[in-house]
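Trainee: Here you go, one structure.
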Amino acid sequence: MRVLLTGGAGFIGSNFVNWIIENTDADLFVIDALTYAGNLDNFTPSVWGSTRFHFIKGNICDSDVLYPLLKKVDYVIHLAAWTHIDRSLLDITPFIETNIKGTGVLLEGLRKYHVKRLVHVSTCEVYGEAKYLPIDEQHPKEPLSPYAVSKLAGEQLVQLYQKLYRIPVVILRPFNIFGPRQYPEKLIPFFIINAMLDNPLPIYGDGTAKRDWLYVDDLPPVIWKIMEMEGVDGEVLNIATGKGMTINEIADCILNTLDKPKTLKRHVEEREGHIKQLIGSYKKVEQLLGWSPTVEFNQGLRKTITWYKENREWWTKILRRDSYRKFVKSWYKGRIQLRL
């Protein structure tokens, strides 16, 4: 079995790479442009030491790099994307380039070089504000950020190509994923690292926004099952827990675990396009696969905090990069003061 994973050096991708090498006998081809969030340090020594792991630095918008890989593989898992809502509010350009154009280049390639399955990983953000809870796959799609709009446009391209050209595809909409190796600008690692550095934890509005949080280890097995499953072409599936945690609750859990004072919490103005509730139903994927989440939130959070405590060198290198410092200074200017 030969698998191509786009965006494999990012948070979800690298955790999936590590899982594939440890749990399957697949030959794995990984393409990643190594933009600000792509990180070769995310791969474990066992990955680098495997003869089944093949890394290619390249952009999915570049057909000269991408199409030769499509000739070699049986399956494609499409994770390559720009993903941060806050960044998309500052500059939508890279989101359009990767999430829409890049997906289109990939789909054109799959018209020429057929595979057994494309698993397109989208996002719960396409739903926008909840009209009812938990959100199922039939919920209206009213995205509230440039990031979410770009992901919905990518989804619609995938669905169109599935209908027009019979490309065998399944679309997954994961809800908020967290765990080791997540880029430090995302909420949970941002809060963990800030707390460890005695920096303030910026909380939008009153902190009652509630989200569905899935620990990253629960994601690779369900993606793998979907990849191989027959009779699911054209399906759209939520990957969720059905439970919610508020931003206040998450901040308190992190501060309590690290034995830091609650005075580190700072309430700042609401972000544009802020969603108050986003909790998903996983009933459909449970019925199809018998899948349900196995890691409870507090357990996953403890594991995540432990990883960041034990891998200080990993995130310290990122905090020193110009790309990280520039974003933090630009986004949080006037909101909070951070020591970087």
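Trainee: Among the listed residues Q287, Q277, which satisfies the condition of being in contact with a Leu (Cβ under 7 Å, 6 or more places away or on another chain), under 24 Å from Y215 (Cα atoms) and of a type outside the set (G, A, S)? Working first, answer last.
Mentor: Values: Q287 fails: in contact with a Leu (Cβ under 7 Å, 6 or more places away or on another chain).
Exactly one of Q287, Q277 is in contact with a Leu (Cβ under 7 Å, 6 or more places away or on another chain), under 24 Å from Y215 (Cα atoms) and of a type outside the set (G, A, S), namely Q277.
Trainee: Does region 221-231 include one or more residues that are in contact with a helix residue (DSSP H, G or I) (Cβ under 8 Å, 6 or more places away or on another chain) and under 24 Å from K276 (Cβ atoms)? Walk me through it before giving the result.
Mentor: We begin by selecting, within region 221-231, every residue in contact with a helix residue (DSSP H, G or I) (Cβ under 8 Å, 6 or more places away or on another chain); these are 221-226, 229.
When the remaining residues are screened for being under 24 Å from K276 (Cβ atoms), the result is none.
Within region 221-231 (the criterion being in contact with a helix residue (DSSP H, G or I) (Cβ under 8 Å, 6 or more places away or on another chain) and under 24 Å from K276 (Cβ atoms)), the answer is no, since none of the residues qualifies.
Trainee: Please tell me if A148 is modelled with pLDDT of 95 or more, within 15 Å of the chain's Cα centre (by Cα) and assigned to a helix (DSSP H, G or I).
Mentor: Numbers: modelled with pLDDT of 95 or more: yes; within 15 Å of the chain's Cα centre (by Cα): yes; assigned to a helix (DSSP H, G or I): yes.
Answer is yes for this residue.
Trainee: Can you give me the number of residues within region 74-117 that are among the charged types (D, E, K, R), closer than 29 Å to V232 by Cα and assigned to a loop (DSSP other than H, G, I, E, B)?
Mentor: Residues that pass the stated criteria total 2.
Trainee: Being out of contact with any Phe, Trp or Tyr (no Cβ under 9 Å at 6 or more places or on another chain), closer than 25 Å to Y204 by Cα and at pLDDT 95 or above: is that true of N248 here? Spell out how you get there, then give the answer.
Mentor: Working: out of contact with any Phe, Trp or Tyr (no Cβ under 9 Å at 6 or more places or on another chain): yes; closer than 25 Å to Y204 by Cα: yes; at pLDDT 95 or above: yes.
Considered against the rule, which asks whether it is out of contact with any Phe, Trp or Tyr (no Cβ under 9 Å at 6 or more places or on another chain), closer than 25 Å to Y204 by Cα and at pLDDT 95 or above, N248 comes out as yes.
Trainee: Right, here's the next one. Quick one: in region 137-153, of everything that is touching a Gly at 6+ places or on another chain (Cβ under 8 Å) and within 23 Å of L118 (Cβ to Cβ), which residue is surrounded by the most Cβ atoms within 10 Å (Cβ to Cβ)? Give the derivation first.
Mentor: First pass over region 137-153, keeping only residues touching a Gly at 6+ places or on another chain (Cβ under 8 Å): 140-145, 148.
Checking the rest, the ones that are also within 23 Å of L118 (Cβ to Cβ) come to 141, 143, 148.
Details: K141: 15, P143: 20, A148: 25.
By that ranking, first place goes to A148.
Trainee: Could you tell me which of the residues L164, L157 is touching a helix residue (DSSP H, G or I) at 6+ places or on another chain (Cβ under 6 Å) and surrounded by fewer than 21 Cβ atoms within 10 Å (Cβ to Cβ)?
Mentor: Working: L164 fails: touching a helix residue (DSSP H, G or I) at 6+ places or on another chain (Cβ under 6 Å).
Answer to the selection: L157.
Trainee: What pairs come up if the first residue lies in region 223-235 and is surrounded by 15 or more Cβ atoms within 10 Å (Cβ to Cβ), the second is of a type in the set (G, A, S) and outside any loop (DSSP other than H, G, I, E, B), and their beta carbons are under 6 Å apart, counting only those six or more places apart or on different chains?
Mentor: Once the first residue is surrounded by 15 or more Cβ atoms within 10 Å (Cβ to Cβ) and sits in region 223-235, no partner that is of a type in the set (G, A, S) and outside any loop (DSSP other than H, G, I, E, B) comes close enough.
Trainee: Which strands (runs of 3 or more DSSP E) does region 180-272 wholly contain that include 3 or more residues that are within 18 Å of C124 (Cα to Cα)? It would help to see each step written out before you state the result.
Mentor: Numbers: elements: 201-204, 213-215, 236-239, 265-268.
By residue number, 213-215, 236-239.
Trainee: If I filter region 45-56 for residues that are touching a residue at least 12 places away in the same chain (Cβ under 8 Å), part of a loop (DSSP other than H, G, I, E, B), buried (at least 19 other Cβ atoms within 10 Å of the Cβ) and not aromatic (F, W, Y), do I get at least one hit? Lay out the reasoning, then the answer.
Mentor: Let us first name the residues in region 45-56 that are touching a residue at least 12 places away in the same chain (Cβ under 8 Å), namely 46-47, 50, 52-56.
This time we only want the ones that are part of a loop (DSSP other than H, G, I, E, B), so: 50, 52.
After this cut, where a residue has to be buried (at least 19 other Cβ atoms within 10 Å of the Cβ) as well, the list is none.
Checked region 45-56: no residue is touching a residue at least 12 places away in the same chain (Cβ under 8 Å), part of a loop (DSSP other than H, G, I, E, B), buried (at least 19 other Cβ atoms within 10 Å of the Cβ) and not aromatic (F, W, Y).
Trainee: A further question on this structure: Quick one: which of K284, K303, K317, K329 is at pLDDT below 95, in a helix (DSSP H, G or I) and among the charged types (D, E, K, R)?
Mentor: Working: K284 fails: at pLDDT below 95; K303 fails: at pLDDT below 95; K317 fails: at pLDDT below 95.
Only one candidate qualifies: K329.
Trainee: While we're on this one: List pairs: first in region 24-38 and at positive phi, second crowded, with 18+ Cβ neighbours inside 10 Å and not hydroxyl-bearing (S, T, Y), Cβ under 9 Å, 6+ apart or cross-chain?
Mentor: L34/A9
Trainee: Tell me which residues, restricted to region 118-145, are in contact with a helix residue (DSSP H, G or I) (Cβ under 6 Å, 6 or more places away or on another chain) and in a helix (DSSP H, G or I).
Mentor: E125, V126
The values are calculated or read from the model by the stated rules, or taken from the named source; none is laboratory data. Just so we're clear, the structure is a prediction, and the values are computed from it rather than from any experiment. Heads up, the Cβs are rebuilt from the backbone with ideal geometry, glycines too, and the neighbour counts pull from every protein chain shown.
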